[in-house]
1. Look at V39 and say whether it is modelled with pLDDT under 95, surrounded by 15 or more Cβ atoms within 10 Å (Cβ to Cβ) and aliphatic (A, V, I, L, M).
2. Among helices (runs of 4 or more DSSP H) lying entirely in the stretch 1-76, which contain 2 or more residues that are of a type in the set (K, R)?
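The values are calculated or read from the model by the stated rules, or taken from the named source; none is laboratory data. The model shown is predicted, which means the values in this text are computed figures rather than measured ones. Positions of Cβ are generated from backbone atoms using ideal geometry, with glycine treated the same way; all protein chains shown enter the neighbour counts.
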Amino acid sequence: MRPPRYKTAVVSWLAVYPIITLLLWLLGPVVSELPIPVVTLILTVVLVTLQTYVVMPFMTRLFRPWLMSGQSPAEPRDGGGDASR
């Protein structure tokens, strides 16, 4: 059983926004002289690593009641049945 995609998107955005804001604030002075592609590379590597291994596990535990609300155990997440029929 997975939460609806819109709920996953909201929780992901709630995690990404503060991380990228903090990274820009902390690393901005350090990377400001670098070319944009290099800055983007550095920020995305740090962001994705933090998001995957630190922030999203915490966020999914924190928002689990909301993410899973309104679903019965047998209900598919997309509301569809077997696509092969």
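1. Details: modelled with pLDDT under 95: yes; surrounded by 15 or more Cβ atoms within 10 Å (Cβ to Cβ): yes; aliphatic (A, V, I, L, M): yes.
In short, yes.
2. In the stretch 1-76, the matching helices (runs of 4 or more DSSP H) lie at 5-31, 56-68.
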